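Colleague: One structure, pasted below without further comment.
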Amino acid sequence: MSNVIAGLSHNNRYDSLKSLLIEHYSLTRGEELRTLLSGLTVKGRKPTRLLAEMRSLARHGRFDEEDLKTLFLEYLPRDVRMTLQVVPGNVDALAAVADKIMEHRPTDSGQEVTAIQKSDNDSIKEKLAEITEQLNQMKARFEKSSRSRSRSRSNSRSRGSRDSSRSRSRESKICFYHRRFRDKAKKCTEPCNWAQKKQDQQTSEN
């Protein structure tokens, strides 16, 4: 502010500053009109009735028809406002068309909101049910695969155990000479399964 004051002419500095402050802090015509009409609402009124009340409140102001038209449209529901964008004519003509549009709109906008919310909730529930079903299917496949791997490991351990048992059994029936000297043994005492063991080894190698 000091820079502004310093830039003013010394002649009539007070009047210049006063005019500058009034211009800076004064409301625009649109802002002044909005302040004046802030208590109005289209709810429970026909648009033509709303326009008449706006004119009555703004009659002593410095407003023109274009200011009134701009603010009048802002008071209307968005869908009505969008329709009126293609309607020619002054604000009175627009208000008359808006009356016709409003007559065919739902009387309780809350019902529309409730219907939309219900539709959204139903859609969410259906999606959750679908996801839950997919998860259940994945869980079932995983459990089936786990059981299959478990049986496979169990069978493998059983076969290994049986083979090991048979190997130990055959080993225990080998005589002292073949356990000690193996193929170089010169003697053999019964019972001895050395010959059978050699045959099994050759079979497995083939």
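Colleague: Starting from the range 97-114, keep only residues that are closer than 15 Å to Lys43 by Cβ and of a type outside the set (S, T, N, Q), then list their pairs with residues that are surrounded by 11 or more Cβ atoms within 10 Å (Cβ to Cβ) and modelled with pLDDT under 80 whose Cβ atoms are within a distance under 7 Å, requiring at least 6 positions of separation or different chains.
Modeller: Cβ pairs passing all conditions: Pro106/Glu112.
Colleague: What single numbered condition from (1) part of a helix (DSSP H, G or I); (2) at pLDDT 80 or above; (3) surrounded by 10 or more Cβ atoms within 10 Å (Cβ to Cβ) fails to hold for Ser56?
Modeller: Answer for Ser56: the failing condition is (3).
Colleague: Please determine, by comparing only the residues of the range 95-142 that are outside any helix (DSSP H, G or I) and at pLDDT 70 or above, which one is surrounded by the most Cβ atoms within 10 Å (Cβ to Cβ). Steps first, answer last, please.
Modeller: Of all residues in the range 95-142, those outside any helix (DSSP H, G or I) come to 104-108.
Remaining after also requiring at pLDDT 70 or above: 104-105.
On the way: His104: 6, Arg105: 12.
If we take residues in the range 95-142 being outside any helix (DSSP H, G or I) and at pLDDT 70 or above, then Arg105 is surrounded by the most Cβ atoms within 10 Å (Cβ to Cβ).
Colleague: With respect to Ser145, determine if the residue is in a helix (DSSP H, G or I), modelled with pLDDT of 80 or more and among the hydroxyl-bearing types (Ser, Thr, Tyr). Explain how you work it out, then say what you get.
Modeller: Numbers: in a helix (DSSP H, G or I): yes; modelled with pLDDT of 80 or more: yes; among the hydroxyl-bearing types (Ser, Thr, Tyr): yes.
When the stated conditions are applied, Ser145 passes them.
Colleague: Next up: Quick one: is Lys186 among the basic types (Lys, Arg), surrounded by fewer than 10 Cβ atoms within 10 Å (Cβ to Cβ) and modelled with pLDDT of 75 or more?
Modeller: Working: among the basic types (Lys, Arg): yes; surrounded by fewer than 10 Cβ atoms within 10 Å (Cβ to Cβ): yes; modelled with pLDDT of 75 or more: yes.
Yes; evaluated as a whole, the condition is true for this residue.
Colleague: A further question follows. Please go through the range 74-93 and give me each residue that is under 40 Å from the mean Cα position of the chain (by Cα), buried (at least 17 other Cβ atoms within 10 Å of the Cβ) and assigned to a helix (DSSP H, G or I), ordered by number.
Modeller: Residues of the range 74-93 that are under 40 Å from the mean Cα position of the chain (by Cα), as a first pass: 74-87.
Next, only the ones that are buried (at least 17 other Cβ atoms within 10 Å of the Cβ) stay: 75-76, 80, 84.
Correct list: Tyr75, Val80, Leu84.
The values are calculated or read from the model by the stated rules, or taken from the named source; none is laboratory data. Just so it is clear, the model here is predicted, and its values are computed rather than measured. Virtual Cβ from ideal backbone geometry, glycine too; neighbours counted across all protein chains shown.
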